1. Can you tell which of SER37, SER10 is surrounded by 15 or more Cβ atoms within 10 Å (Cβ to Cβ), among the small types (Gly, Ala, Ser) and under 20 Å from LEU71 (Cα atoms)?
2. Consider LEU4 against the criteria (1) buried (at least 16 other Cβ atoms within 10 Å of the Cβ); (2) more than 12 Å from ARG70 (Cα to Cα): it satisfies all of them except one. Which criterion is unmet?
3. Kindly list, by first and then second residue, each pair from a residue in the range 1-28 that is assigned to a helix (DSSP H, G or I) to a residue that is open to solvent by 40 Å² or more (accessible area, probe 1.4 Å) and of a type in the set (Ser, Thr, Tyr), limited to pairs with Cβ atoms under 6 Å and residues at least 6 apart or on different chains.
4. List every residue pair whose Cβ atoms lie under 7 Å apart, where the two residues are 6 or more positions apart in sequence or sit on different chains, the first residue falls within the range 46-72 and is farther than 18 Å from LYS22 by Cβ and among the small types (Gly, Ala, Ser), and the second residue, located anywhere, is at pLDDT below 95 and surrounded by 15 or more Cβ atoms within 10 Å (Cβ to Cβ).
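The values are calculated or read from the model by the stated rules, or taken from the named source; none is laboratory data. On a predicted model such as this, the values are computed, not experimentally measured, just so you know. Using ideal geometry, Cβ is built from the backbone for each residue, glycine included, and neighbour counts are taken over all protein chains shown. Just so you know, the surface numbers come from the protein's heavy atoms only, side chains and all, with ligands and any DNA or RNA stripped out. Shrake-Rupley method; radii C 1.70, N 1.55, O 1.52, S 1.80 Å.
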Amino acid sequence: MLILITYDVSTSSIGGQKRLRKVAKVCQKYGQRVQNSVFECVVDSTQFASLKIELLEIIDKKQDSLRYYRLGNNYKTKVEHVGVKESIDVEGPLII
């Protein structure tokens, strides 16, 4: 299933900047960055549960926020891209 993760981490302190980097690193383990604080992740339900646990261990619930959008398995017709950054097939081969 495709999960869209958005986050807002308060960076007014050194701790916030560190949390921001950690949140991005965890999200990169599961998917790809499509905007500054937005990731697309193709995961199964077990991976999604692990991802949420990892992120909850990092954020400060009083200062930060996370949003998860579950687009499901039939997401290809639900995502449309316009603009500069070319869309990447998240299930396609990874070529470095």
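1. Unique residue meeting the criteria: SER37.
2. Condition (2) is where LEU4 drops out.
3. Partner pairs satisfying both residue conditions: GLN17/THR11; LEU20/THR11.
4. GLY72/MET1; GLY72/LEU2
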